[in-house]
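*Asks:* What follows is a single structure, and I will ask about it in a moment.
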Amino acid sequence: MRVRRNAVSTVALWRAVDAAGKLQAARVVAVWNEKGDPGMAERMVDLTLTLTDNMPAHKLFQRPVIVPHYTHAQTREQFFLGTEDDRLSFATTYMGMIDHIGTHVDAFYHVNPEGLSVDRMPLDMFMGKAVCWDLTYIPDLGDIDVADFEEAEEKGGVKVDGHIVLLNTGLHNRHYPDVNRGSKMHGVEGPSTDKPSNNLFPNHRVCRDRGIAHYEWLINLEELVGKGEFMFYGPPIKIGNGSGAPVRAWAILDD
């Protein structure tokens, strides 16, 4: 999907506001005007896995139930809505699932009983400048260590300083066709930042101790590798006292 600035899209304006660092409205407009050619195109990359009935989940969690609740045929027959010459029907979907299914973000409370639940975490944590590192050479169930991060950061050409760091391991494309380096959050493909072959959960324990949250089961990360710095957005559903939440995640690239 391409967005043009001369259309003054909501997404692009939101990006300008974020880049301005919460400056006053007049200064935001000034930043917007300095962006260059108003016809310059941007590309939006959807990083979100579609939620479907009985989709794969982490081994500790049950799969979701996502089924039709009411169909248009049912509601047209059962509810006489609208008028005789302009009948109205509707459809709804039942969703029974935990808050760690599909593309989602972990709240601090997920692994820390004293941590903030997702509804109390600052909204600006879930968006901002980002980079994506190429780790596709790591095999399934392989370990990622400090040296891998150092090499990926160097190859990426962007010094991590408050970025959201996304890790492209190629896992999603293969199977479904941790260290704090100054990032504010990180995100991975697959249902967990830790491998499921044991119950040690080193990444979750490190994140718990360092107060770092992360995204799980992102997709299309291969489109972000080698793009340098870009904007990432992953706002969560505001679930009261949620230990995490499904998100709609995307990135904005300057192409």
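*Asks:* Which members of segment 193-224 meet the condition of being at pLDDT 90 or above, over 12 Å from the mean Cα position of the chain (by Cα) and in a loop (DSSP other than H, G, I, E, B)?
*Replies:* Matches in segment 193-224: 224 only.
*Asks:* If you scan segment 77-120, which residues turn out to be modelled with pLDDT of 90 or more and among the basic types (Lys, Arg)?
*Replies:* The one that is modelled with pLDDT of 90 or more and among the basic types (Lys, Arg): 120.
*Asks:* Okay, next question. Which one is farthest from the chain's Cα centre (by Cα), of the residues in segment 47-65 that are more than 25 Å from residue 201 (Cβ to Cβ) and at pLDDT below 90?
*Replies:* Among those residues, the one meeting the criterion is 52.
*Asks:* Go through segment 39-51 and report how many residues are exposed (fewer than 12 other Cβ atoms within 10 Å of the Cβ) and polar (S, T, N, Q).
*Replies:* 1
*Asks:* Continuing with the same structure: If you go through segment 85-98 one residue at a time, do you hit one that is part of a helix (DSSP H, G or I), outside the structural domain of residue 184 (by TED's automatic domain parsing), exposed (fewer than 11 other Cβ atoms within 10 Å of the Cβ) and of a type in the set (D, E, K, R)?
*Replies:* Checking segment 85-98: not a single residue is part of a helix (DSSP H, G or I), outside the structural domain of residue 184 (by TED's automatic domain parsing), exposed (fewer than 11 other Cβ atoms within 10 Å of the Cβ) and of a type in the set (D, E, K, R).
The values are calculated or read from the model by the stated rules, or taken from the named source; none is laboratory data. This structure is a prediction, so every number in the text was calculated from the model and none was measured. Methodologically, a virtual Cβ is constructed for each residue, glycine included, from the backbone with ideal geometry; neighbour enumeration extends over all protein chains shown.
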